[in-house]
1. Quick check on Arg196: is it charged (D, E, K, R) and over 18 Å from Thr38 (Cα atoms)?
2. Name every residue in segment 178-198 that is touching a residue at least 12 places away in the same chain (Cβ under 8 Å) and not in a strand (DSSP E or B), in order of residue number.
3. Please go through segment 75-99 and give me each residue that is touching a residue at least 24 places away in the same chain (Cβ under 8 Å) and exposed (fewer than 15 other Cβ atoms within 10 Å of the Cβ), ordered by number.
4. Going by the structure shown, is Glu120 buried (at least 16 other Cβ atoms within 10 Å of the Cβ) and modelled with pLDDT of 90 or more?
5. Out of all the residues in segment 33-63, which are within 15 Å of Gly165 (Cα to Cα) and assigned to a helix (DSSP H, G or I)?
6. Select, from Phe126, Phe91, the only residue that is closer than 30 Å to Lys175 by Cβ, at pLDDT 95 or above and not charged (D, E, K, R).
7. Could you count how many residues in segment 138-167 are under 15 Å from the mean Cα position of the chain (by Cα), of a type in the set (A, V, I, L, M, F, W, C) and within 15 Å of Gly48 (Cβ to Cβ)?
Amino acid sequence: MQDTSFSDKTRLRKALRAQRRGLSPEVQHATARTVAETALGEAHFPLGQHIALFSSADGEVDTGPLLDALLARGKACYLPVLVEDTTSLLFRQLVPGRPLVTNLYGLKEPDAEAPVIAPEQLDTVFMPLVGFDGSGNRLGMGKGYYDRTFAFLMDNAAAGPVLIGLAHECQRVGKLEAAAWDVPLWGIVTGLGFSRFR
């Protein structure tokens with residue numbers, strides 16, 4: 001477990017990102033498979049029909065096995081899209097056979113013609129993160145896209161999707177200081193299984 005004596009989130013992000021990037025391909029593959037199996041089991045939360053994931057990068061848990069299995073089950077899957085001059089996310093459907101484009105961060109996302117869904121209409125959102133703690137606080141990349149997009153859940157958690165983080169165990173920290181605008185996770189899936197926070 002990472003020592004959180006750092007008060008500087010920039011330093012903590014750097015340390016945690018380096019740890020996950022340093023994981024071997026074997027560990028990355030095993031974690032991706034275990035995370036997919038845990039999430040697909042639906043023993044801890046119902047997936048629903050409309051599910052958002054993310055394009056993995058920088059040592060994040062590979063969402064490929066989970067995405068492939070969800071599509072095979074007939075689920076509608078969505079990826080976040082960054083729209084210029086906005087500070088929140090748009091979710092476009094990932095339709096097999098349709099092209100993906102590369103955004104300004106080098107991540108793949110559906111093209112501008114792909115169907116859009118409102119964040120409130122999603123059932124489950126699998127979220128990327130840099131770090132997390134045992135209370136469901138999430139350390140992201142610092143841009144605030146997810147927090148702004150799902151801010152409506154702060155007033156009414158039942159008004160939208162369950163937010164499930166996907167992470168490696170090395171991203172777990174003792175305690176994160178949450179800001180007033182930080183939207184907490186409902187649960188987390190790692191290579192060791194599922195933890196519920198809400």
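1. Against the criterion (charged (D, E, K, R) and over 18 Å from Thr38 (Cα atoms)), Arg196 does not qualify.
2. Within segment 178-198, Ala178, Trp181, Asp182, Val183, Pro184, Leu185, Trp186, Gly191, Leu192, Phe197, Arg198 meet the criteria.
3. Residues satisfying the conditions are Thr87, Pro96.
4. no
5. Thr34, Val35, Ala36, Glu37, Thr38, Ala39, Leu40
6. Phe126
7. 3
The values are calculated or read from the model by the stated rules, or taken from the named source; none is laboratory data. These figures come from a predicted structure and were not determined experimentally. Positions of Cβ are generated from backbone atoms using ideal geometry, with glycine treated the same way; all protein chains shown enter the neighbour counts.
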